[in-house]
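Step one of this worksheet: look at the structure below.
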Amino acid sequence: MLMICLINSSIPNLGVITLDFLKKEIKSNGTHNQWITKGIRISHKRKKELFILCRYSNDLNLKIYYKRYCSVLSKVILTAKNCIITRLFLIPRIK
């Protein structure tokens, strides 16, 4: 519940207005994006930092490093996804 206090001398009887908003529950399926590990999150944050540095810099070595970093990160992400997919197929499902 959100409470908004209005102080207005032109409307004397209006002191407090309460607004009710509907709460929307979002349930996540635990099997989605299991491949995103802590290391991948940290690497992605570093990639964003490098992108900002490359945008405002004319350093050619930095841009080459950024391209190499992106290619390595994409290979790591692809490998992580493949590992999760193969692990899901190896787990026997009991029905």
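With Cβ to Cβ distances under 12 Å as the rule, what net charge do the other residues near R68 carry (K, R +1; D, E -1)? Provide the component values of the computation, followed by the final result.
Numbers: positive: K47, K63, K67, K75; negative: none.
Computed value for this residue: +4.
What is the ratio of the Cα radius of gyration of segment 32-95 to 2.2 N^0.38 Å, where N is its residue count, to two decimals?
1.52
Order by neighbour count: Y65, Y56, fewest other Cβ atoms within 10 Å first, most last.
In order of increasing Cβ crowding within 10 Å: Y56, Y65.
If I model a spin label as a point 7 Å beyond the Cα along the Cα-Cβ vector, how far apart are those points for Y56 and N82 in nm?
3.8 nm
Given charges of +1 on the Cβ of Lys and Arg and -1 on the Cβ of Asp and Glu, with all other atoms neutral, how large is the dipole of segment 32-95 about its Cα centre, in debye to the nearest 20?
220 debye
Just so you know, all these numbers are worked out from the coordinates, no wet-lab data involved. This one's a predicted model, so the numbers in the text were calculated from it and none came from an experiment. Every residue, glycine as well, gets a Cβ built from its backbone with ideal geometry; the counts of neighbours run over all protein chains shown.
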